[in-house]
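For reference, the structure discussed in these notes is given below.
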Amino acid sequence: MKLGEVIRKYRKIKNMTQKEMANRLGITAPAVNKWENGNSLPDITLLSPIARLLDISLDTLLSFQEELTPQDINKIILKADALLKEKSYEQAFQWAKKKLEEYPNCEQLIWQIAIIFEAQLRIQEISDSQKYDTYFHSLYIQLLQSNNETIRSHAADALFNFYMRKNQYEKAEEYLDYFSKQNPERKRKQAEVYSKTNQIDKAYKTYEELLFSYYGMISITFHGIYMLAMNENNLKKVHMLADKQKEFAKCFEMGKYYEVSSQLEIATLEKDADTIITTMKEMLASIEQIHSFYQSPLYEHMKFQETRTEFLEELKENLFKCFCDEESYGFLKEDKRWQEFKNTSLLQF
């Protein structure tokens with residue numbers, strides 16, 4: 001990282017504008033802008049004041065060390081792990097701290113060192129843990145400025161857990177903003193805050209929403225694997241996946257329709273008339289209860305939109321039209337059970 005990039009990084013950590021920094025140093029804002037963009041360098045006499053202003057050492061300010069390779073980082077981590085086993089926590093900590101001063105801009109190293117040392121801090125129940133907590137807290141705050149989303153998320157996660165342990169739930173909740181709204185971990189952590197702050201109904205509802213969304217995601221994933229196996233004509237795997245989907249729908253109390261529908265495609269491929277006709281009958285019969293999961297105790301705190309009767313009738317009719325598709329089910333036209341099923345169903349529409 002270049003000098004200007006170091007200045008920008010730590011200025012932002014201090015929540016200081018270029019103008020504020022310039023005023024404190026007795027220079028102009030455009031001068032700071034030029035440093036940060038690599039168009040010029042600060043006068044040598046300003047280096048110490050800049051370091052003091054940014055609360056960093058001159059070593060950090062002037063660190064031009066290149067990023068460590070993954071192999072280099074792994075060697076340092078292995079050494080740190082060995083020291084934690086062989087030496088006192090304080091001795092290992094001082095060694096690691098010195099390493100981070102040597103490579104102050106290697107975010108991957110900072111992150112991994114913080115993780116293993118903080119974990120050991122909890123495991124060993126170090127008596128004078130406050131000073132270590134303060135140091136690791138500062139590292140995570142620094143990592144929140146990372147351009148790497150994974151590192152930012154891990155830093156936010158560590159800070160969330162830090163304040164949860166201290167029962168500072170409102171402060172912990174602030175770090176949820178660093179998680180994408182699409183990240184289920186954000187929702188899970190929010191539910192955890194609700195439960196700790198006695199907002200029990202909100203906690204239930206949030207967990208239930210997670211559970212419901214997990215069903216949708218896992219169901220789509222199952223189907224994706226199912227189609228891969230189908231395309232490869234791996235019928236043994238297709239049957240296994242169809243059975244798993246049935247069990248999965250049952251476990252999440254999604255209702256009969258979702259439990260049986262996974263069997264239709266493979267039965268059609270194998271021209272298994274018994275299974276096809278049985279499955280079609282069960283699917284049509286369960287249409288009216290297709291949203292039976294609305295009444296499941298698994299989702300009792302969630303609010304679902306009321307299902308219109310017209311929607312169910314239309315769905316039932318369209319499903320029956322699919323079952324009458326000659327291309328897919330023409331081979332059944334001479335089957336008496338199929339003819340009976342078709343004629344009986346036609347009377348309903």
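The values are calculated or read from the model by the stated rules, or taken from the named source; none is laboratory data. A quick note: this is a predicted structure, and the numbers were derived from the prediction, not measured. In this analysis, Cβ positions are derived from the backbone assuming ideal geometry, glycine residues included, and neighbour counts consider all displayed protein chains. Side chains included, ligands, DNA and RNA excluded: accessible areas come from the protein's heavy atoms. Shrake-Rupley method; radii C 1.70, N 1.55, O 1.52, S 1.80 Å.
Can you spot the lysines whose alpha carbon is less than 18 Å from Lys202's alpha carbon? Ignore those fewer than 8 places along the same chain.
Counting by Cα, and skipping residues close in sequence, Lys202 has these lysines nearby: Lys181, Lys187, Lys189, Lys303.
For Glu334 and Gln182 in one chain, what is 0.36 nm times their gap in residues minus the Cα-Cα distance, to one decimal in nm?
49.6 nm
Using +1 at the C-beta of Lys and Arg and -1 at the C-beta of Asp and Glu, which of Ala22, Leu284, Ala242 has the Cα lying farthest in the positive direction of the dipole of the chain?
Of the listed residues, the answer is Ala22.
Let me spell out the model: positive unit charges on the Cβ of Lys and Arg, negative unit charges on the Cβ of Asp and Glu, origin at the Cα centre of segment 216-349. What dipole size does that give, in debye rounded to 20?
Details: 16 positive and 23 negative charges, 48 e Å.
Value, rounded to 20: 220 debye.
Report, to the nearest 10°, how far helix 336-346 tilts away from the longest principal axis of the Cα atoms in the chain, using its own Cα long axis and a range of 0 to 90°.
Orientation of helix 336-346: about 80 degrees from the principal axis.
Taking Cα atoms, how many degrees apart are the long axis of helix 309-323 and the longest axis of the chain, rounded to 10 and kept between 0 and 90?
Taking Cα atoms only, the helix is inclined about 70 degrees.
Roughly speaking, to the nearest percent, how much of segment 300-349's 1.4 Å accessible area is carbon and sulfur?
In segment 300-349, the share of accessible area belonging to carbon and sulfur is 47 percent.
Please work out the C-alpha center-to-center distance from segment 143-185 to segment 304-349 and express it in whole Å.
The two parts, judged by their Cα centres, are 51 Å apart.
Per residue, how much accessible area does the chain have with a 1.4 Å probe, in Å²? Intermediate values should be presented prior to the final figure.
Numbers: 20620 Å² over 349 residues.
Computed with neighbouring chains in place, this is 59 Å² per residue.
What is the extension gain from Asn15 to Thr45, computed as 0.36 nm multiplied by their sequence separation minus the C-alpha to C-alpha distance, in nm to one decimal?
8.4 nm
Which value results when the Cα radius of gyration for segment 22-147 is divided by 2.2 N^0.38 Å?
Working it through for segment 22-147, the quotient is 1.25.
What is the calculated FRET efficiency for Leu228 to Asp81, with r their C-beta to C-beta distance and R₀ = 35 Å, to the nearest 0.05?
Once rounded, the FRET efficiency stands at 0.30.
What are the GluC sites (Glu not before Pro) within segment 260-349 that DSSP puts in a loop, where the Cβ has at most 14 other Cβ atoms within 10 Å?
Glu270, Glu300, Glu306, Glu334
Once R0 is set to 56 Å, what does the formula 1/(1 + (r/R0)^6) return for the Cβ-Cβ distance between Asn37 and Lys321, expressed as a FRET efficiency to the nearest 0.05?
0.30
Extension gain Arg24-Ala285, at 0.36 nm per residue separation less the Cα-Cα distance, in nm?
Here the segment from Arg24 to Ala285 would lengthen by 86.3 nm.
Could you pull out every one of the lysines with an alpha carbon less than 17 Å from that of Lys244, ignoring same-chain neighbours closer than 8 positions?
Lys244 reaches Lys236, Lys256.
In debye to the nearest 20, how big a dipole does segment 1-66 give about its Cα centre with +1 on each Lys and Arg Cβ and -1 on each Asp and Glu Cβ? Don't jump to the answer; show the numbers that get you there.
On the way: 10 positive and 7 negative charges, 53 e Å.
Dipole size: approximately 260 debye.
Could you size up the charge dipole of the chain around its Cα centre, putting +1 on the beta carbon of Lys and Arg and -1 on that of Asp and Glu, and report it in debye to the nearest 20?
1320 debye
Kindly flag which residue pairs out of Lys34/Lys99; Lys321/Lys342; Lys281/Lys333; Lys281/Lys336 have an alpha-carbon separation exceeding 22 Å in this structure.
Violating the 22 Å Cα-Cα cut-off are Lys34/Lys99.
Run through segment 1-75 and list the chymotrypsin sites (Phe, Trp or Tyr not before Pro) located in a DSSP loop whose Cβ has at most 14 other Cβ atoms within 10 Å.
The qualifying sites are Phe64.
Note the angle between two axes, namely the Cα long axis of helix 107-124 and the longest principal axis of the Cα atoms of the chain, as a number of degrees from 0 to 90, rounded to the nearest 10.
Taking Cα atoms only, the helix is inclined about 80 degrees.
Which loop-located trypsin sites (Lys or Arg not before Pro) does segment 178-223 contain, where loop means any DSSP state but H, G, I, E or B and the Cβ has at most 15 other Cβ atoms within 10 Å?
When the trypsin sites (Lys or Arg not before Pro) of segment 178-223 are filtered for loop state and at most 15 Cβ neighbours within 10 Å, Lys181 remain.
Output the relative contact order of the chain, whole-number percent, from Cα pairs under 8 angstrom with separation of 6+ residues.
Values: 294 pairs, mean separation 28.5, N = 349.
Value for the chain: 8 percent.
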